[in-house]
Amino acid sequence: MNIRIQEKDFDISTEIAALRKGDPRVGAVVSFLGTVRDMNEGSQVIELTLEHYSGMTEKALQEILDQAKSRWDIYESLVIHRIGPLLPEDQIVLVAVTSAHRGEAFAACEFIMDYLKTAAPFWKKEDTPDGARWVDARVTDDAAMVRWEKK
């Protein structure tokens with residue numbers, strides 16, 4: 001299973017090299033790296049804390065990776081999502097997808113990331129100078145996810 005939920009940081013180069021290692025079919029690797037911003041909704045972000053339900057989160061992520069594989073001609077996919085307290089500039093999430101061609105990999109990577117932003121069972125709390133607040137998906141994130149709904 002290419003899903004890891006962890007507190008520790010990761011090295012993007014090492015992770016992508018491992019994902020494509022030994023597979024000469026791979027002609028494209030597309031990745032997305034999400035990081036903690038220092039500002040959100042007009043307020044300074046001092047710290048971002050991410051929480052999840054162990055077991056439930058991994059199952060939900062596996063379902064979305066399986067769905068991506070059934071929709072696009074991809075070989076492998078990887079999601080690493082950090083939890084716990086994070087500071088501005090820290091890495092939060094890595095999504096990477098391999099395929100023979102870039103179009104399939106781009107679409108699958110974007111689909112996985114849109115799911116993570118809107119429906120994955122993670123909870124985000126920002127600490128700001130005005131206090132703590134829980135963060136919901138943005139309207140634009142929800143709109144992006146709608147385009148993937150099966151008709």
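Throughout, read-outs are computed from the coordinates displayed, never taken from laboratory work. Predicted model only: the values in this text are computed from it and were never measured. Here Cβ is always computed from backbone atoms with ideal geometry, including for glycine, and neighbour counts include all displayed protein chains.
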Next on the checklist: Viscosity 1.002 mPa s, temperature 20 °C: give me the Stokes-Einstein translational D for region 3-146 in µm²/s, with Rh taken as the Kirkwood radius over C-alpha pairs.
Outcome noted: 135
Next on the checklist: Sequence gap of 8 or more, or different chains, plus Cα separation below 25 Å: how many lysine pairs satisfy both in the chain?
Outcome noted: 18
Checklist entry - Quick one: helix 56-71 against the long Cα principal axis of the chain, what's the angle to the nearest 10°, folded into 0 to 90? => result 40
Next on the checklist: Just want the answer: with Cβ charges of +1 for Lys and Arg and -1 for Asp and Glu, which residue in Pro24, Leu50, Phe122 is farthest toward the dipole's positive end in region 3-146?
Outcome noted: Pro24
Checklist entry - What's the extension gain from Leu87 to Asp11 if we count 0.36 nm per residue and subtract their Cα-Cα distance? => result 25.7 nm
Item to check | By average C-beta atoms within 10 angstrom, highest first, the peptides 105-117, 50-62, 6-18 | outcome: 105-117, 50-62, 6-18
Checklist entry - Where does helix 102-118 land angle-wise versus the long Cα axis of the chain, in degrees 0 to 90, nearest 10? => result 30
